[in-house]
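The values are calculated or read from the model by the stated rules, or taken from the named source; none is laboratory data. The structure displayed is predicted, hence computed values, not measured ones. We place every Cβ from the backbone using ideal geometry, glycine too, and count neighbours over all the protein chains shown. Keep in mind that these areas ignore ligands, DNA and RNA; they rest on the heavy atoms of the full protein, side chains included. Shrake-Rupley method; radii C 1.70, N 1.55, O 1.52, S 1.80 Å.
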Amino acid sequence: MPFLALTLLAGCNSYELFRVTGYEQASFSNDADILFIIDNSDSMQAEATSLATNFDIFINQLTNTETGSNVPTQTLSDAVDNYVRETTGDSMYIDYQLAITTSSVYWDDGATADLDPGEGGTLVGDPAVIGRGVDDSALAFQTNLFCDATCWDSNMPSNPDYVCGDPLEGDVSEEYLDCLCGAGEWDGNCGTGQEQGLEAAFMALCRAAENPPEDCYLYPENSAIAFQSGEEHSNDGLLREGANTLVVIVTDEGDGSLRQSEHEPGEDNYTPAAAGEVDTVIDEYADLFEEFDNVVRFAVIGPAYADGNGDCLDGAQNWGVERYQDMVTATNGMYIPLTDLENGCEPTDFAENLDQLGSLLSNLLTYFPLQSVPDESSIEVYVDGDLIARAENTGTPEVPEYGNGWSYDASENAVSFHGDAIPDYNQDVRIYYRPIGGIPREIPF
């Protein structure tokens, strides 16, 4: 085999030169657990209708890797049907799961003084985790989003001509929501004005983990932030072993998460993270998400803010937006602005922006982190025993564009596949390399 030639280097024996990471794509990169965190504060009321009517495009673009596709996107039902079709085709197999929680972490600030669905990282809907095996996944997802995770105005527009079962066209009406959710059941889902997207994501994963990290139990039992001993597996099924996890936050505010590194589990009191404390908070949360076995990335659809220009923040705090932007950078994710800084804060084109988010998901499914830092020149990649060539970068170092093959990302210490080289479902992927220092854990020969 070609990699054996590397054993001749410097007279070293094979035990000193190689380390192997081998994954079967069936158990590593074909599973995608996608958690949506919806800002359900009253500040989102103005955006609620826009969010609902565009969420079909969001889902379709997130899951459709074919740009310029002519599949219908008029309704959320169309979008999820397209999702099922695209992800079960012969050319791409994605074993997906979708779930929704909200940015409301305080359980006593909502409709009741008890823990309501969507608070403290709990999931909404029944079923709460929607996968390929769920009957009528389009209706299930639409119901969870519209009925339990959106802050609707109690004075919704009326459409007396709407007939239950008709597709959604134009604005969301009271009659449409009554048909979908039950009369008036959609009202009263507004959460706290203290939006904590990062903490909500962490709480959601704590509730889903087989063995939650100790940091999940940071707050004492009398805390208004809800995750206590005995609440493990309340989000059962959200995290699957070896699956890639994509957290998508949709908000018109920045992050107000409170956790800081000086907190200790069981403290009776804690000092909220102060305004402007971006690095401390992000470093803390980046470390927290690494405590889970799954690879976690963040994508945020949020306020437009760049290079100190806050013209489009519309009341959002720049430091809170920077937290989300820094978390996206820390997890190699994506930040999508709701409005256009260079065009008078006009709403951005959801179709174009969310097509990028779909590309992020596709890249996530072809992303193989290595266990040690390699001598880059020694990397050899095999799929079902066939040597795969390294992809040529026809772009720039800052904005690479790869042809068929694989590439190595030093910042993430990961190998990614591109074009025709992307492995099919259940193919065996093996990546051999000489680590910089250290002894291989396993030898492939």
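Computed values, structure above
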read-out	value
Residue satisfying all of: in region 213-237; of a type in the set (A, V, I, L, M, F, W, C), farther than 16 Å from E291 by Cβ and crowded, with 19+ Cβ neighbours inside 10 Å; modelled with the lowest pLDDT among these	A226
In region 286-304, residue surrounded by the fewest Cβ atoms within 10 Å (Cβ to Cβ) [restricted to those that are in a loop (DSSP other than H, G, I, E, B) and touching a Leu at 6+ places or on another chain (Cβ under 7 Å)]	N294
Failed condition for E262, given (1) modelled with pLDDT of 85 or more; (2) within 17 Å of D283 (Cα to Cα)	(1)
Condition met for T150 (under 27 Å from R259 (Cβ atoms), among the hydroxyl-bearing types (S, T, Y), at pLDDT 70 or above and open to solvent by 50 Å² or more (accessible area, probe 1.4 Å))	no
Region 388-421 - residue that is of a type in the set (A, V, I, L, M) and open to solvent by 50 Å² or more (accessible area, probe 1.4 Å) and, of those, farthest from V328 (Cα to Cα)	A389
Identity of the residue in region 348-387, open to solvent by 40 Å² or more (accessible area, probe 1.4 Å) and either part of a strand (DSSP E or B) or in contact with a Pro (Cβ under 7 Å, 6 or more places away or on another chain) (or both), that ends up modelled with the lowest pLDDT	V373
When residues of region 174-208 are limited to those that are of a type in the set (G, A, S) and at pLDDT 90 or above, the one most open to solvent (accessible area, probe 1.4 Å)	A183
Count of region 314-330 residues which are free of Cβ contacts under 8 Å to residues at least 60 places away in the same chain and open to solvent by less than 20 Å² (accessible area, probe 1.4 Å)	1
Residue match in region 101-124 (condition: at pLDDT below 80 and among the hydroxyl-bearing types (S, T, Y))	yes
